[in-house]
Amino acid sequence: MSLNVDLLQSSFDLVMEREPELTIRFYEHLFARHHEVEPLFSRNSRAQQALMLARALGAVVEHLEDASWLEQTLSVMGARHVGYGVTEAMYDWVGEALLETLAEVAGDAWSDELAAAWSEAYGAIAGLMKAGAQQAAA
Ligand code: HEM
C-alpha cells in the first residue's frame, strides 16, 4: 500500500476535532441511503456502535504504515462482520457514506486530493476485511 499517510492522518485529526460525533453522522448518511442495513445494527446501542467504529477507524489510521497489523486486525474484523450479516456489496455503501461524511465535516478543507486519498485507503481497508470474510467462509 502506498497511501498518503500524512494527509490521511492530518485530515482524520481535523474531522474528529471538528465533529467528535463523526460516526453518528456517518450512520445517518448510511441509513438514509440504505435503510435495509439498519436492522443489522441491533446488538449494541447506537452510541456504543459509534464509539467502537470511531475507535476502530482511529486505530486503523494510526497503523497505516504497519501492514502486518492492518492485515491481521482487518481480516479478523472482516470475518466477524460475516456474522453481523454484512455482504460484499455493503462495503461500497459504507465507503460512500464514510467519504460523504468526511467531506461534509471537513467542509472547506476537503479537496480532490483528500477524496482520492480516502477512497484509496478505504478500498484497501475494505479489501483486507473482505479477504478475511472470504477466508472465514471457506
Ligand atoms: C472500514 C470498514 C469497517 C470498520 C472499521 C468497521 C468497524 C466495526 C467495529 C469496530 C464494530 C464493533 C464490533 C467488532 O469489532 O466486531 C463493527 C460492528 C458492526 N459493523 Fe462494521 N466496520 C466496517 C465495515 C462495515 C460494513 C461495510 C458494514 C455493513 C453494513 C458494517 C456493519 C456492522 C454491523 C452490522 C456491526 C454490528 C453492530 C452492532 O449491532 O453492534 N461494518 N464494525
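The values are calculated or read from the model by the stated rules, or taken from the named source; none is laboratory data. Quantities reported herein were computed from a predicted structural model and do not represent experimental measurements. Neighbour counts run over all protein chains shown; Cβ positions are idealised from the backbone, glycine included. Heavy atoms of the whole protein, side chains included, go into the accessibility calculation; ligands, DNA and RNA do not. Shrake-Rupley method; radii C 1.70, N 1.55, O 1.52, S 1.80 Å.
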(request) For Gln135, state whether it is part of a helix (DSSP H, G or I), modelled with pLDDT under 95 and farther than 21 Å from Thr23 by Cβ. (result) yes
How many residues of segment 126-138 are in contact with a Leu (Cβ under 6 Å, 6 or more places away or on another chain) and open to solvent by less than 30 Å² (accessible area, probe 1.4 Å)? The answer is 1
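So, in segment 53-65, of the ones that are over 21 Å from Glu88 (Cα atoms) and either part of a helix (DSSP H, G or I) or open to solvent by 30 Å² or more (accessible area, probe 1.4 Å) (or both), which residue ends up farthest from the ligand (Cβ to nearest atom)?
Here is the first cut: in segment 53-65, the residues over 21 Å from Glu88 (Cα atoms) are 54-55, 58-59, 61-65.
Subset that is either part of a helix (DSSP H, G or I) or open to solvent by 30 Å² or more (accessible area, probe 1.4 Å) (or both): 54-55, 58-59, 61-63, 65.
Details: Ala54: 9, Arg55: 7, Gly58: 10, Ala59: 9, Val61: 10, Glu62: 13, His63: 12, Glu65: 17 Å.
Of everything passing the filter in segment 53-65, Glu65 is farthest from the ligand (Cβ to nearest atom).
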Confirm whether Ser68 is part of a helix (DSSP H, G or I), more than 10 Å from the ligand (Cβ to nearest atom), hydroxyl-bearing (Ser, Thr, Tyr) and open to solvent by 60 Å² or more (accessible area, probe 1.4 Å). yes
Flag if Ala106 is more than 12 Å from the ligand (Cβ to nearest atom), open to solvent by less than 40 Å² (accessible area, probe 1.4 Å) and assigned to a helix (DSSP H, G or I): yes
Taking segment 93-103 and the residues there that are surrounded by fewer than 18 Cβ atoms within 10 Å (Cβ to Cβ), in contact (Cβ under 8 Å) with a residue 24 or more places away in the chain and not aromatic (Phe, Trp, Tyr), the one that is nearest to the ligand (Cβ to nearest atom) would be Gly95
Expected single match for within 19 Å of His29 (Cα to Cα) and either of a type in the set (Ser, Thr, Tyr) or more than 10 Å from the ligand (Cβ to nearest atom) (or both) among Ala136, Ala115 is Ala115
